[in-house]
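This report refers to the structure that appears directly beneath it.
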Amino acid sequence: MAQAADVSRTVILTVDDDPGVSRAVARDLRRRYGAQYRIVRAESGESALEALRELKLRGDLVAVILADYRMPQMNGIEFLEQALDVYPGARRVLLTAYADTGAAIDAINVVDLDHYLLKPWDPPEEKLYPVLDDLLEAWRTSDHRPVPATKVVGHRWSARSSDVREFLARNQVPYRWYSADEPEGQRLLAAAGVDGRRLPLVVTAEGTPLVEPDAPELAAEVGLATTPTADFYDLVVIGGGPAGLGAAVYGASEGLRTVLVERSATGGQAGQSSRIENYLGFPDGVSGAQLTDRARRQATRFGAEILTAREVTGLAANGSARVVRFADGSTVAAHSVILATGVSYRQLAAPGCADLTGCGVFYGSALTEAASCQGQDVYIVGGANSAGQAAMYLARGAKSVTLLVRGESLSASMSHYLIQQIEEAPNITVRPFTVVESAHGDGHLEQLTLRDVASGQTELVDAQWMFVFIGAAPLTGWLDGTVLRDGRGFILAGPDLTPDGRPPADWELDRPPYHLETNIPGVFVAGDARAESAKRVASAVGEGAMAVMLVHRYLEQS
C-alpha cells in the first residue's frame, strides 16, 4: 500500500476538450477519490502535458491518467504516448465513444493501454469506480513512491555536477542523483525543457528547475539561509569549520547576537572527513558530516544565524564597528569579528590535473564519489591524517587503494592509530618516495604517470580515481592590507604579531592585544587560519570557544 506521505502528493489526471465532460469526470472522481488523491483536470493534450511536467518537477506522482480519444490537435492516444515518457508508471485509461472502440483496441499496443471506457460512464458506481479501484490498487502495489528530495541530473564525469552534489551533501540537503543518460534523467530534462548539454539540472523539492546554478542561487532555492536578518550584530564569525562552529555555539549560548558566514558548507576540512577517531567523547569515532550537523543544529538552537554560500571579500574598522563586505557589495557590521576561515587543500601542480579536477581528480575526500569507486582502483596522494582517513573509508568498497607518499613512510605526519589500521587493511598499499608526474585522460582521468623520487624511474598506471591531500593553504587573501599575516598567509595574533611580542606600531589601545586578537582590536582569529595553530579539530573548537571569551572581555572594556 502507498504510504500516507505518498497519497498526499499523488494525482489522478483527466483530460477532455469538452468543458462539460471534463467537469463531469472531475466531479465524479472527486466524489469517490478526492479525500485520498488530488484530482487535476485539463481541456487539451498540450495543457495536460504541461501539467504532467510541472508535477514531475515537483516530485508528485500520477497514479491514473484518463484521456478522451477525440480531441483536436492531439488525440487521446497521441497524448498518452507522450504522457508515457513523463510518467511511465501511471495507469492509462482512454475514454471513447462506441464508434471508436477499434481505435481503443489498437491503443493497447501503441501506449500499453490499461483500460478503455465507453461514454457515458453513468452510473459511475458500476462503470467507472470498479475499473479505477482495480487500477489504483495495481498502482499502489507497484514501486512508484514519490521522491520529495531535490533531484540532480548530470554527467558522471562533469566537474560542475560533482561540485553541486558535494555542495548539497555537505549542507545536509537530501537529493537524488540521475545520470543524464538514464531514462528518468532524460524525463526530468524533457519536463524542464532543458538541453542535455546544459548540465547539471537541479530540480528542487518544490519543483523549481535550476540550470547550471551557482552556489548562492542553489543555496537560496533549497532553503539555506543566505541573507542576514539584521544589519548589526554583536559577533560575526567568518568561516564554518570546527573553530567557527565552536565560536557560534559559545557566542550564541552566552547571549551574543551571532551570525556565522560560510562561503560553501559548514564543517570545513573536518566536515569532509569520513571518520574522526581521536575527538574527545566519541570512542567509536564520528564522521565529519555527523559532527558538523550536530554542531550546526546546536548553534541554531542557541539562536545563531548561519549564512551559506556568502563569500566575504573585505573587512574594515569603522569607529567601534567592524564591517564585513560580501562579494555582491552588501555589508554587515558587528561589535566584533572572529576569523575562522580555515584552509583549503593545495592543488597538485602535475600536468593534466587541473583539466581533470572533478572528473576523476578530487581534492579532499569528496565522499559523494565514494559509491562510484566500488570495485575500482583508487589512488590517494598524501601522508597525513586526512589521507589516511580517506584511505580507510574508500577501502571498504574499492578493489584497491594506493597511498602515494613523497617521504619514506607515514610515521612523520600520520597518527599512530591510523597507521596501524592501514597496515591491517588487505587492499591498501603504501608506496613511499612516490609522486604524481602527470595525469592523463580524455574528459576524465584514465592514467597516471608516477615517479619514484629516489630512483627517478617512472611508471604509467591505469587510474580513474585520485584523491589529493597534499597540505593546505589559508583562505586569507581577501585580508590583504588589513590584518597582519605571516609569509605563508596565516593570520598573526597576540604575542605573535611582532617578533619581540610587543603590540604593533599602529596599535591604538593602552592594553596589549589579547592572545587571539589580531592587529585590529575586536577582530580575533581561531582555528587553522591562525599562524602556528595545532591543525586539529579539538584545538580548533577550543580556540573558537576561547575567542568568544576574549570577545566578551573586549566588549566589556570598549
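The values are calculated or read from the model by the stated rules, or taken from the named source; none is laboratory data. Quantities reported herein were computed from a predicted structural model and do not represent experimental measurements. Positions of Cβ are backbone-derived with ideal geometry, glycine not excepted, and every protein chain shown enters the neighbour counts. Accessible surface is based on the protein model in full, side chains and every heavy atom, while ligands, DNA and RNA are left aside. Shrake-Rupley method; radii C 1.70, N 1.55, O 1.52, S 1.80 Å.
Restricting the trypsin sites (Lys or Arg not before Pro) of the stretch 288-375 to loop positions (DSSP other than H, G, I, E, B) with no more than 15 neighbouring Cβ atoms within 10 Å leaves ARG346. Simple spin-label estimate for ARG23 and ALA321 gives 6.0 nm between the two label positions (7 Å along the Cα-to-Cβ direction from each Cα). Under 5 Å from the amide H of SER44 lie the amide H atoms of ASP16, each residue being 5 or more positions distant or on a separate chain, with H modelled from the backbone and absent for Pro and chain starts.
The distance between label points at GLU206 and GLN347 comes to 3.6 nm (points 7 Å beyond Cα on the Cα→Cβ vector). For LYS151, the lysines whose Cα comes closer than 16 Å to its Cα, not counting residues fewer than 8 places off in the same chain, are LYS56. Averaging the sequence gap over all C-alpha pairs within less than 8 Å and six or more residues apart, then dividing by the number of residues, gives the chain a relative contact order of 11 percent. The angle separating the long axis of helix 19-33 from the principal Cα axis of greatest extent in the chain is about 70 degrees. Using a probe radius of 1.4 angstrom, the carbon and sulfur fraction of the accessible surface of the chain is 48%. For LEU95, the amide hydrogen comes within under 5 Å of the amide hydrogens of ALA67, ASP68, TYR69, LEU117, counting only partners 5 or more places away or on other chains and with H modelled in the peptide plane. Among ALA247, ALA270, GLY489, pick out the residue whose Cα is farthest towards the positive end of the charge dipole of the chain, where Lys and Arg carry +1 and Asp and Glu carry -1 on C-beta, about the Cα centre. Looking along the dipole axis, the top candidate is ALA247.
Of the residues ILE422, ALA547, GLY358, the one whose Cα sits farthest towards the positive end of the charge dipole of the chain is ALA547 (charges of +1 on Lys and Arg Cβ, -1 on Asp and Glu Cβ, taken about the Cα centre). Based on protein heavy atoms only, the chain ends up with 44 Å² per residue of surface accessible to a 1.4 Å probe.
Counting only DSSP H runs of at least 4 residues, each contributing -39500 (n - 2.57), and dividing by the residue count of the chain, the helix-based mean residue ellipticity at 222 nm comes to -9000 deg cm²/dmol. Treating cross-link reach as a plain straight distance, find the lysines whose alpha-carbon is under 21 Å from the alpha-carbon of LYS127, omitting any fewer than eight places away in the same chain. Partners found: LYS119. Only Lys, Arg, Asp and Glu carry charge here, each on its Cβ (+1 for the first two, -1 for the last two); on that basis the stretch 491-555 has a dipole of about 240 debye about its Cα centre. For Cα extents along the principal axes in Å, one of (1) 75, 52, 50; (2) 78, 71, 51; (3) 100, 62, 41 was computed from the structure I shared and the rest are decoys. Which label? Evaluating Cα extents along the principal axes in Å on these atoms matches (3). For the chain, a crude dipole built from +1 on the beta carbon of Lys and Arg and -1 on the beta carbon of Asp and Glu, taken about the Cα centre, is about 1120 debye to the nearest 20.
Between 0 and 90 degrees, the angle of helix 242-253 with respect to the longest Cα principal axis of the chain falls at about 80 degrees. Measure nothing fancy, just the Cα-based angle from helix 385-394's long axis to the longest principal axis of the chain, in degrees from 0 to 90, nearest 10. Approximately 30 degrees, to the nearest ten. If R0 is taken as 22 Å, the Cβ-Cβ distance between GLU423 and GLN172 corresponds to a FRET efficiency of 0.05.
The simple Förster model, with R0 at 22 Å and r as the Cβ-Cβ distance, assigns PHE232 and ASP293 a FRET efficiency of 0.15.
Which FRET efficiency value, to the nearest 0.05, do you get for GLU446 and ALA190 by plugging their Cβ-Cβ distance into 1/(1 + (r/R0)^6) with R0 = 56 Å? The value I calculate is 0.95.
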